[in-house]
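The values are calculated or read from the model by the stated rules, or taken from the named source; none is laboratory data. Here the structure is a predicted model, which is why all the values come from computation and not from measurement. For neighbour counting, all protein chains shown are included, and Cβ atoms are generated from backbone atoms with ideal geometry for every residue, glycine included. Protein only, heavy atoms only, side chains kept; ligands, DNA and RNA dropped before computing areas. Shrake-Rupley method; radii C 1.70, N 1.55, O 1.52, S 1.80 Å.
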Amino acid sequence: MRIRSWKFRLYPSKLQEKQMNEHLYSCKELWNSLLEYTKNLYRRTGKFPTRKQLYLQTKGTLLFSQIAQNIADRLFKSIRGMVLRKKAGMKAGFPRFKSIERTKSFTYPQFGFKLDEKLELSGIGKVSIKKHREVKGKIKTVTVKKYPSGKWFAIFTSEIEENHSPKKLGEAVGLDLGVEHFAYLSDGTAIENPKHLKQAEEKLKQAQRKLSRKKKGSKNRNKARLKVALVHEKLTNKRRDFLHKITRKLAEKYSVIAMENLSPSQIAKGFLAKSILDCGWAEFSSMLHYKAEEAGCEVVLVEPANTSQTCSSCGSVKKKSLAERWHTCACGASMHRDHNAAINILKRGATAGTAGSNACGEETSTLYGQASSRKQEALPFRAG
């Protein structure tokens with residue numbers, strides 16, 4: 001079984017929007033009260049509460065029971081993750097109290113909702129929904145989320161059976177992600193970088209300058225904040241649209257795609273950080289994996305070391321600075337630096353074999369995450 005998510009725009013009435021905002025406020029209040037209870041219990045006993053103890057504290061709230069229990073689940077997982085990271089010697093902060101600005105969603109984890117022509121939500125009623133496609137599989141959860149622009153969305157998760165398409169017989173390709181070009185393929189194709197942030201940068205600066213001049217708490221400041229949020233939202237939508245189209249074309253055209261096993265969060269440092277994050281490499285990798293799986297294409301992850309420094313013709317290694325955009329070698333090879341890297345990636349992908357396929361599988365599970373078990377025991381750890 002596989003978990004997929006589906007996002008649809010909601011169009012609540014004014015009364016429904018008021019009720020949904022009240023739900024968010026109640027969620028914020030419950031989170032803060034549970035966190036206060038957790039801190040007080042730890043001060044008295046030196047132990048964190050069990051999931052069952054947190055559930056008991058949700059009794060008597062105005063929220064639907066499933067929503068309230070989901071908040072308890074989230075706090076329990078946050079504390080558990082914090083303790084485990086501390087035990088592993090990693091930095092970890094304790095969960096924080098939330099303001100209404102930091103509370104933007106509530107979740108029905110099992111029931112309390114029904115999707116038909118409209119979305120029926122317990123405690124709110126039937127909300128108009130733009131269902132532009134059918135949800136596949138059995139719906140497990142729905143999260144109602146308010147975006148900074150004031151728009152509301154419903155995000156469903158469904159469980160669908162693993163239905164791998166038969167492996168395609170076709171061309172294999174190596175893919176090198178970059179900043180000058182979004183990607184270079186081993187067949188010489190260059191995918192241009194649309195540089196969405198650069199296009200929106202001037203509008204964003206203007207909107208943010210106007211926001212900074214408004215008096216805090218005023219209606220004009222809220223209007224200016226919405227304009228900033230809309231610029232960010234449009235930027236995000238353009239980036240995701242570009243990534244969806246590119247990954248779909250790649251998955252449908254090629255049978256095997258070899259790419260570097262990169263960690264964008266570690267690479268995005270220094271003067272190229274903004275450009276790398278604007279490209280959305282992590283989101284691209286995530287999209288490519290699941291679309292390739294549906295299309296019968298295989299994604300192979302390879303070791304990224306020295307793909308740009310190694311000559312794809314003779315194998316000699318020659319150090320290059322980032323400013324050197326053209327690869328030339330004594331053997332006569334002459335091509336764009338990223339084209340050379342893409343050919344090396346394809347060669348490594350061809351020799352990876354089953355190991356590369358396994359790496360792809362592990363990466364896929366890391367990107368999408370797995371449903372965690374609902375353990376009831378107390379956390380046998382102390383905060384360091």
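Going toward the positive end of the dipole of the stretch 119-250, with +1 on Lys and Arg Cβ and -1 on Asp and Glu Cβ, which of Leu175, Leu230, Ile129 do you reach last?
Final value for the positive-end residue is Leu230.
When ligands, DNA and RNA are left out and all protein chains stay put, how many square angstrom of accessible area per residue does the chain have with a 1.4 Å probe?
56
Multiply the residue separation of Glu283 and Phe111 by 0.36 nm, subtract the distance between their alpha-carbon atoms, and state the gained length in nm to one decimal.
Stretched fully, the Glu283-Phe111 segment lengthens by 58.9 nm.
Beta carbons within 10 angstrom, averaged per residue: use that to sort the peptides 209-215, 181-187, 240-246, 76-82, highest first.
Highest to lowest by the protection proxy: 181-187, 76-82, 240-246, 209-215.
Helix 354-368 against the longest principal axis of the chain: what's the angle in degrees, Cα atoms only, rounded to the nearest 10?
It works out to around 30 degrees.
I'd like the per residue volume of the convex hull spanned by the Cα atoms of the stretch 162-224, given in cubic angstrom.
Here the figure is 176 Å³ per residue.
So how tilted is helix 281-295 from the main axis of the chain? Cα-based, degrees 0 to 90, rounded to 10.
80
Place a label point 7 angstrom from the Cα of Ser321 along the Cα-to-Cβ direction, then list the residues of the stretch 252-288 whose backbone nitrogen is under 19 Å away.
270-273
Could you calculate the contour length gain from Lys7 to Gln206, that is, 0.36 nm times the residue separation minus the distance between their Cα atoms, to one decimal place in nm?
Gain in length upon complete extension: 68.6 nm.
Expressed as a fraction of 2.2 N^0.38 Å, the rule-of-thumb size for a compact globular protein of N residues, what is the C-alpha radius of gyration of the chain?
In units of the 2.2 N^0.38 Å rule of thumb, it is 1.16.
Leaving ligands, DNA and RNA out of it, report the carbon-plus-sulfur percent of the accessible area of the stretch 174-318 at a 1.4 Å probe.
Using a 1.4 Å probe with all protein chains present, the stretch 174-318 comes out at 51 percent carbon and sulfur.
Report the FRET efficiency, 1/(1 + (r/R0)^6), for Arg80 and His244, where r is their Cβ-Cβ distance and R0 is 41 Å, rounded to 0.05.
For Arg80 and His244, the calculated efficiency is 0.75.
State to the nearest 20 debye the size of the charge dipole of the stretch 12-90 about its Cα centre, where the only charges are +1 on K and R beta carbons and -1 on D and E beta carbons.
My answer is approximately 560 debye.
If you take the Cα Rg of the stretch 181-337 and divide it by 2.2 N^0.38 Å, with N the number of residues, what do you get?
1.34
How large are Rg and Dmax for the stretch 131-239 when only the alpha carbon atoms are used, in Å?
My reading of the Cα-based Rg and Dmax gives 21.0, 62 Å.
Assuming R0 = 25 Å, what is the FRET efficiency of Glu162 and Thr236, from their Cβ-Cβ distance, to the nearest 0.05?
Computed FRET efficiency for Glu162 and Thr236 comes out at 0.25.
For Thr45, what accessible area in Å² do you get when you roll a 1.4 Å probe over the heavy atoms of the protein chains, rounding to the nearest 10?
70
Heavy-atom accessible area of Leu322 with all protein chains present, probe 1.4 Å, nearest 10 Å²?
Surface accessible to solvent at Leu322 totals approximately 100 Å².
Could you give me the ³J(HN,Hα) list for the stretch 334-339, computed from phi with Karplus coefficients 6.51, -1.76, 1.60 and θ = phi - 60°, whole Hz, x at Gly and Pro?
Result, rounded to whole Hz: 8, 6, 4, 3, 6, 5.
Using 1/(1 + (r/R0)^6) with R0 = 56 angstrom and r between the beta carbons of Lys253 and Lys126, what's the FRET efficiency to the nearest 0.05?
0.85
Is there a quick way to get the dipole size of the chain? I mean about its Cα centre, with the Cβ of Lys and Arg at +1 and of Asp and Glu at -1; what is the value in debye to the nearest 20?
With Lys and Arg at +1 and Asp and Glu at -1, about 2680 debye.
Could you work out what % of the accessible surface of the stretch 1-153 is carbon and sulfur, using a 1.4 angstrom probe and leaving DNA, RNA and ligands out of the count?
51
How would Glu171, Glu117, Glu17 rank on accessible area, largest to smallest, probe 1.4 Å?
Largest accessible area first, the residues go Glu117, Glu171, Glu17.
Which whole-Hz ³J(HN,Hα) couplings does the stretch 272-278 yield from phi under the Karplus relation 6.51 cos²θ - 1.76 cosθ + 1.60, θ = phi - 60°, glycine and proline marked x?
9, 4, 5, 5, 5, 5, 5
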